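Taken together, the values in this text are just the output of simple stated rules run on the coordinates, not laboratory data. A quick note: this is a predicted structure, and the numbers were derived from the prediction, not measured. Here the Cβ is made from the backbone with ideal geometry for all residues, glycine too, and neighbour counts use every protein chain on show.
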Amino acid sequence: EAEVAQSPRYKITEKSQAVAFWCDPISGHATLYWYRQILGQGPELLVQFQDESVVDDSQLPKDRFSAERLKGVDSTLKIQPAELGDSAMYLCASSFAGTSTDTQYFGPGTRLTVL
Amino acid sequence: AQSVTQLGSHVSVSEGALVLLRCNYSSSVPPYLFWYVQYPNQGLQLLLKYTTGATLVKGINGFEAEFKKSETSFHLTKPSAHMSDAAEYFCAVSFSGGYNKLIFGAGTRLAVHP
């Protein structure tokens, strides 16, 4: 069964450093999502791509976070500089068409710890 | 504003007992409703979803949920809990016309005791 791949699984960094996370969605899925899940909370959407275009980045802290999906396939989420409050699980998901009834398939996540 | 409330951050049941996890939503437009499960250090897996049609939805692993519009609820149930059901469960909503943005509740951690 096809899965969403993410790397690294765990990342420890010091504040003010730069970090990057990678996601490879299920083949053929046009829509890719990055979520942030703070401990004890549900995931919150950071950015959504339809193919290579951003369609929703309203909750992305754009002063320090950036995301790209250059060829409409895999994606990178970057934080620079990292802050203590960025410690969380970063989840990537993909769906076939991005409609409201589409199932989103999640990867295993990257757990970020900022010291 | 649209929101999802999961009543009870922790639920504990005995093996073989009924599982009931509560989810209420707030919305001015009809929602699409989802339940996801998350095992430790893993991503989320879809249990079931309601889009249209029958309001009682059956999902994987013996779970089901019923959409009750009058109560703005979508509670998740399973007749008999198994030890392997111990996990965190998230209720989520999306709305037509959007780009499938999911709004999640805070989650309910289910513990199953022998």
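Take A:33, B:50, B:36 and order them by how many other Cβ atoms sit within 10 Å, fewest up front.
Final ranking by Cβ density, sparse to dense: B:50, B:36, A:33.
Which ³J(HN,Hα) values, rounded to whole Hz and listed in residue order, are derived for the stretch B:49-60 from phi using the Karplus coefficients 6.51, -1.76 and 1.60 in 6.51 cos²θ - 1.76 cosθ + 1.60 with θ = phi - 60°, glycine and proline given as x?
8, 10, 10, 8, x, 4, 7, 9, 10, 9, x, 7
At 37 °C and a viscosity of 0.692 mPa s, what translational diffusion coefficient does Stokes-Einstein give for chain B, taking Rh as the Kirkwood radius over Cα pairs? Give it in µm²/s as a whole number.
For these conditions, the coefficient is 231 µm²/s.
Is there a quick way to get the dipole size of the protein assembly as shown? I mean about its Cα centre, with the Cβ of Lys and Arg at +1 and of Asp and Glu at -1; what is the value in debye to the nearest 20?
Value, rounded to 20: 300 debye.
Work through the residues other than residue A:60 whose Cβ is under 14 Å from its Cβ and net out their charges, Lys, Arg +1 and Asp, Glu -1.
Local net charge: 0.
Explain nothing, just compute: Karplus ³J(HN,Hα) = 6.51 cos²θ - 1.76 cosθ + 1.60, θ = phi - 60°, for every residue of the stretch A:23-32 in order, whole Hz, x for Gly and Pro.
Values, residue by residue: 9, 10, x, 5, 4, x, 7, 7, 10, 10 Hz.
Return the sequence-ordered ³J(HN,Hα) values of the stretch A:43-58 in whole Hz as given by the Karplus equation 6.51 cos²θ - 1.76 cosθ + 1.60 applied to θ = phi - 60°, using x for Gly and Pro.
Rounded to whole hertz, the list is x, 10, 5, 9, 7, 10, 10, 10, 6, 9, 9, 6, 10, 7, 9, 5.
Restricting to Cα pairs below 8 Å that are 6+ residues apart, what does the relative contact order work out to for the stretch B:1-106? Please round to a whole percent.
Contact order relative to length: 35 percent.
Once you keep just the Cα pairs under 8 angstrom separated by 6 or more residues, what percentage relative contact order results for the stretch A:34-95?
36
Compute the Cα gyration tensor for the protein assembly as shown, then decide on rounded, prolate or oblate, letting a ≥ b ≥ c be the square roots of its eigenvalues: rounded whenever a/c is under 1.5, prolate when a/b is larger than b/c in the other cases, and oblate in all that remain.
Judged from the Cα gyration tensor, the protein assembly as shown comes out prolate (a/c at least 1.5, a/b above b/c).
Which net charge results when you count Lys and Arg as +1 and Asp and Glu as -1 among the other residues whose beta-carbon is under 9 Å from that of residue A:86?
Net charge in that neighbourhood comes out at +2.
Tell me the label-point distance for the pair residue A:76, residue B:80, using the 7 Å Cα-to-Cβ offset, in nm and rounded to one decimal.
The answer from the label model is 5.2 nm.
Name the lysines eligible as straight-distance cross-link partners of residue A:11: C-alpha to C-alpha under 30 Å, and not fewer than 8 places from it in the same chain.
A:62, A:71, A:78, B:101
Lys and Arg at +1, Asp and Glu at -1: add these up for the other residues within a Cβ distance under 9 Å of residue A:115 and post the number.
Net charge around residue A:115: 0.
Can you give me the Cα centroid spacing of the stretch B:33-99 and the stretch A:44-115 in angstrom?
23
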